[in-house]
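Below is one structure; the comments refer to it alone.
The values are calculated or read from the model by the stated rules, or taken from the named source; none is laboratory data. Bear in mind that the values here come from a model prediction, so they are computed numbers and not experimental data. Note that we place each Cβ from the backbone using ideal geometry, even for glycine, and neighbour counts take in every protein chain shown. Just the protein is used for accessible areas: all its heavy atoms, side chains included, with ligands, DNA and RNA removed. Shrake-Rupley method; radii C 1.70, N 1.55, O 1.52, S 1.80 Å.
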Amino acid sequence: MLGAYTGKMLEVDLGSGKLSDVPLDEEMAKTYLGGKGLGLKLVYDEFRPDMQPFDPDNLLIFATGPATGLKIPTGGRYNIVCSKSPQTGTVGSGNSGGKWGPYLKFAGYDAVLFRGISKTPVYLNIADGKAELRDASDLWGLTVFAVTDELSEINGNPKKTSVACIGPAAENLIPFTGIMNDKYRTAGRTGLGAVMGSKKLKAVVVTGSKRVEPANPDLLKERVRVSMQKIRENPVTGPKGGLHTYGTAVLVNILNEHGAYPTRNFREAYFPEADEQSGETLVEKYLTGRSGCWGCPIICGRKSDVPEGPYSVRDSEGPEYETIFVFGSNCGITELDALIKANHLCDEFGLDTISMGGTIACAMELVESGKIPEEKLQGLNLRFGDVGAMLDAIWRTAYKAGFGADLALGSKKLAEKYGAPELSMTVKGLELPAYDPRPIQGIGLNYATANRGGDHVYGYTISPEILGLPEKLDPASIEDKPRWTILLQDLASAVNSAGVCLFTTFALGLPEYAGMLEAATGQALDADKLLKLGERVTNLERLMNNMYGFDRKQDTLPKRLLKEPVPFGPAKGQLSRVPEMIDEYYRLRGWVDGKPTEEKLKELGLA
Amino acid sequence: MKVIVKFLATIRQITGEPLIEFELRPGNNTVWETMRNLEFRYGPEFKEATAGSYPGGIPKIRILVNGRDIDFLDGTGTELKEGDVLVLVPPVAGG
């Protein structure tokens, strides 16, 4: 077997309760690396085009990459993939940090694959190679924080234990729920939590102490040294860098000053009060410390505390930039302490913050435009700027209480139900993240073409378009954006298959990743080969989505972003120009109408 | 002629204020001249944090004028007008 892998996967049939060790196929590891690529390949091998999200055969796969658990910077990540997302109808996927991925590996497995549905609530405990399903009847209904506390000490070694679990919202099959680990980390998007809830699987506990050996330790040490130096010297990722000092929330002011900070359900793109909810204000008023994932030198996580007032919440973590925008400007709300509270509630209940906030913002616009009759709201005063209603809406959604049952549909079905589908700011049913695509052309193309829907990290064109990394592109221009979007999408696919964090891409490039992975696994790798692997992963996901019926029709943006110019602010008058870029994107991809050609599939070894 | 200058992230730590209204003299109104005036006002620490590039070529700051990066205007030769908003952005990132 290659270095850096345990060589073993655990297969769990929740229907029968049978647990089996399965060898990791070496050829599969070479072709797909691990993480997202491995998860997608396992889904593909059992693909059924008629799959339903809560079908027992919907596979739920937790997969590490070769970097996970090694001394490779940010090697603390893992991916979760499911055959069918309850939110988008595409293949579902997400990735997370914390320490769960490394400890799965130290417990003896590269991946865990769940199939079937348990009759009663269970959790899986994996401790130093021994796996066991246990009754979780007493845990069903507990919040993420409570169940994590309950299970962290069951193996007598909490420091070497990590808990991934779902909250009550996922038990209630809300389609935009994540799988949480280490309390605050989440594979948040595409409703993986609901799939786990449908299987009556409350948690997966991992405890382990057996490190995995790289193929060439000395070479890896040297290549890690070079990469670490680049990370430390980089003004973004270094110890005094922007990410460590301010966290992702530093983007609030930057995007607002570009006129690309989505506001009031993307009606506007500039929020005059943005500085009051910025990363700078977070540091000044509520930051109590910083927290990092396993093996991470960047340490971008926030520890936050709101000691008093109507939105007080003690010893929390976050919020990230996305969460601030979505409950803040996008709901017309300024108060940062309320946004910390909203983030905390979503973490407790296991809700994806982007989709929760996007749905509330959509509902606020539906109410203000008279589409939702007052009596339907049952007293919930959903109007832009109403902090109390926004916070109320979160727990109501988690428990489908009152109007929460409608919010639990997500913005796409909610807007359809009330006769205004154009007010859902989604792509493929996934609520859009925190970058208005009207002034930033590449990110719009990325949203439109991302396989899992409205997704910024699928191909983070913000890096060159706004931040100027690795080089500055004009955000307003469409020139060369299809090529950049493809490059960044395939890079992300490779990074998410390796088990490292996308934030290292601010300091490292393909040669550094390929060099470290080559030393870790023993597989000959270079930049081109790694990018090709990323392209294979992107295309495999697209191929399965095609078989679910997705094609060119879904590769677009909400009408508002194509037809309604930004009304005021620095980007006044701008529109997304996705329709002008999409054909060139397909041509460069080797796709026709959103589908990889036979020739492209053969080139990538997918046909 | 007055312009607004906004300071983000680490630059704000140096200036101690998030924004200022700044008086420019006619004929002395390019971004380059404004930066020199700001260096005079905030001293060597400001200059150290804003001038030139880091190793690897990342500029110490990016400068926006009314939301547009000056790379896509006239660079540091971009002329400012009454009411323009100048934003100084150090290298930061997120996701």
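Say we look at the range B:64-95 and pick out the residues that are away from every other protein chain (no Cβ under 11 Å) and free of Cβ contacts under 8 Å to residues at least 60 places away in the same chain; which of these is surrounded by the most Cβ atoms within 10 Å (Cβ to Cβ)?
Of everything passing the filter in the range B:64-95, B:Thr78 is surrounded by the most Cβ atoms within 10 Å (Cβ to Cβ).
Residues that are open to solvent by 30 Å² or more (accessible area, probe 1.4 Å), within 27 Å of the chain's Cα centre (by Cα) and among the hydroxyl-bearing types (Ser, Thr, Tyr): does the range A:551-559 have at least one?
So far as the range A:551-559 goes, yes, one or more of its residues are open to solvent by 30 Å² or more (accessible area, probe 1.4 Å), within 27 Å of the chain's Cα centre (by Cα) and among the hydroxyl-bearing types (Ser, Thr, Tyr).
Could you pull out the residue among A:Met356, A:Met390 that is open to solvent by less than 30 Å² (accessible area, probe 1.4 Å) and over 20 Å from A:Ser312 (Cα atoms)? It would help to see each step written out before you state the result.
Details: A:Met390 fails: over 20 Å from A:Ser312 (Cα atoms).
Just one listed residue meets the conditions, A:Met356.
With respect to the numbered conditions (1) under 13 Å from B:Thr34 (Cβ atoms); (2) open to solvent by 10 Å² or more (accessible area, probe 1.4 Å), which one is the sole condition not fulfilled by B:Ser53?
Single failed check for B:Ser53: (1).
Would you mention how many residues in the range A:243-268 are on the phi < 0 side of the Ramachandran plot and either surrounded by fewer than 24 Cβ atoms within 10 Å (Cβ to Cβ) or at the interface with chain B (Cβ under 10 Å from one of its Cβ atoms) (or both)?
Result for the range A:243-268: 18.
For the structure I just gave you, tell me whether A:Ser477 is within 14 Å of chain B (Cβ to nearest Cβ) and open to solvent by 20 Å² or more (accessible area, probe 1.4 Å).
Answer is yes for this residue.
Quick one: is A:Lys532 in contact (Cβ under 8 Å) with a residue 40 or more places away in the chain and part of a helix (DSSP H, G or I)?
Values: in contact (Cβ under 8 Å) with a residue 40 or more places away in the chain: yes; part of a helix (DSSP H, G or I): yes.
Yes; evaluated as a whole, the condition is true for this residue.
Of all the residues that make up the range A:451-461, how many are over 15 Å from A:Ala494 (Cα atoms) and within 14 Å of chain B (Cβ to nearest Cβ)?
Of the residues in that region, 3 qualify.
Do we have any residue at all in the range B:18-40 that's over 10 Å from the mean Cα position of the chain (by Cα), open to solvent by less than 40 Å² (accessible area, probe 1.4 Å) and within 11 Å of another protein chain (Cβ to nearest Cβ)?
Looking through the range B:18-40, none of the residues is over 10 Å from the mean Cα position of the chain (by Cα), open to solvent by less than 40 Å² (accessible area, probe 1.4 Å) and within 11 Å of another protein chain (Cβ to nearest Cβ).
Restricting the search to the range A:395-423, which residues are in contact with a strand residue (DSSP E or B) (Cβ under 9 Å, 6 or more places away or on another chain) and open to solvent by 10 Å² or more (accessible area, probe 1.4 Å)? Break it down into steps so the answer makes sense when it comes.
Within the range A:395-423, the first condition is being in contact with a strand residue (DSSP E or B) (Cβ under 9 Å, 6 or more places away or on another chain), and the residues that meet it are A:397-398, A:410-412, A:415.
Once the filter is applied, which keeps residues that are in contact with a strand residue (DSSP E or B) (Cβ under 9 Å, 6 or more places away or on another chain) and open to solvent by 10 Å² or more (accessible area, probe 1.4 Å), the range A:395-423 yields only A:Lys412.
Can you pull out the residues in the range A:38-74 that are open to solvent by 10 Å² or more (accessible area, probe 1.4 Å) and under 21 Å from the mean Cα position of the chain (by Cα)?
A:Lys41, A:Leu42, A:Tyr44, A:Pro53, A:Phe54
Out of the range A:209-238, which residues are basic (Lys, Arg), surrounded by fewer than 16 Cβ atoms within 10 Å (Cβ to Cβ) and either in contact with a strand residue (DSSP E or B) (Cβ under 9 Å, 6 or more places away or on another chain) or in a helix (DSSP H, G or I) (or both)? Can you show your working first?
Step one: of the range A:209-238, the residues basic (Lys, Arg) are A:210-211, A:221, A:223, A:225, A:230, A:232.
Still in the running and surrounded by fewer than 16 Cβ atoms within 10 Å (Cβ to Cβ): A:210-211, A:221, A:225.
Once the filter is applied, which keeps residues that are basic (Lys, Arg), surrounded by fewer than 16 Cβ atoms within 10 Å (Cβ to Cβ) and either in contact with a strand residue (DSSP E or B) (Cβ under 9 Å, 6 or more places away or on another chain) or in a helix (DSSP H, G or I) (or both), the range A:209-238 yields A:Lys221, A:Arg225.
In the range A:584-607, what residues are loosely packed, with under 13 Cβ neighbours inside 10 Å and either among the charged types (D, E, K, R) or within 14 Å of chain B (Cβ to nearest Cβ) (or both)?
A:Arg587, A:Asp593, A:Glu598, A:Glu599, A:Lys602
Which pairs have Cβ atoms under 8 Å, sit 6 or more apart or on different chains, and link a residue in the range A:150-178 that is among the acidic types (Asp, Glu) to one that is modelled with pLDDT of 95 or more?
Qualifying pairs under 8 Å: A:Glu150/A:Leu139; A:Glu150/A:Leu142; A:Glu153/A:Thr161; A:Glu171/A:Trp140; A:Glu171/A:Gly141; A:Glu171/A:Gly197; A:Glu171/A:Lys202.
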